[in-house]
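Novice: Take a look at this one; I'll ask things after.
The values are calculated or read from the model by the stated rules, or taken from the named source; none is laboratory data. If you're wondering where the values come from, they're calculated on a predicted model, not measured in any experiment. Backbone-built Cβ (ideal geometry, glycine too); neighbour counts: all protein chains shown. Each accessible area value is taken on the protein alone, full model and side chains, heavy atoms only, with ligands, DNA and RNA left out. Shrake-Rupley method; radii C 1.70, N 1.55, O 1.52, S 1.80 Å.
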Amino acid sequence: MPTELRRPERTFTIRQLCMEFKCTPRALRFYEDKGLLNPARQGLNRVYSYKDRGRLQLILRGKRVNLSLAEIREILDLYDKGDNNAAQNATALRHFRERIVLLERQREDLDHAIAELRQACDNLEKALTSTRPELLADAEPKGPAPLTRVGVRQPEHVR
């Protein structure tokens, strides 16, 4: 490849990547421990390359859609296999489609749960209206419910 078409040999510090991607140094060190990133060293400092930066971007995208670290590693490890990234793309496509199926199932479960809760609220509201209407004000939400991460499986007794 002609020199003028190559990406400059720019490097990044852990702080620069943390600021750019809004992540913690601990997260970057964790990804390094898991073999997903492999920064060079200058003394005790980590020096990240364009490739490391690109890998971090893909790791964080994968985490955002709840891919496991093993799935992310499988995709990343197929980079530069000499097949114009075809194997990497096929593997990513398979994982993404599997994730879509899972999320659609979760959405159906959520829709059913919301419908059940709405029906229960209607029944309870009717019961309170006829017996103790003054308590209806106490039944209003106090604030937003705590959020949980999408895709995190709840224990069976919670579902």
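Novice: Would you check if residue 32 is in a helix (DSSP H, G or I), in contact with a His (Cβ under 7 Å, 6 or more places away or on another chain) and open to solvent by less than 80 Å² (accessible area, probe 1.4 Å)?
Specialist: no
Novice: Here is a follow-up. Within segment 65-98, can you find the residues that are farther than 20 Å from residue 31 by Cβ and not in a helix (DSSP H, G or I)?
Specialist: 81, 82, 83, 84, 85
Novice: Residue by residue through segment 39-64, note down the ones that are in a loop (DSSP other than H, G, I, E, B) and either modelled with pLDDT of 95 or more or open to solvent by less than 100 Å² (accessible area, probe 1.4 Å) (or both).
Specialist: Across segment 39-64, the qualifying residues are 39, 43, 49.
Novice: Output the residue which, of all residues in segment 112-149 that are open to solvent by 100 Å² or more (accessible area, probe 1.4 Å) and of a type in the set (A, V, I, L, M, F, W, C), is modelled with the lowest pLDDT.
Specialist: 147
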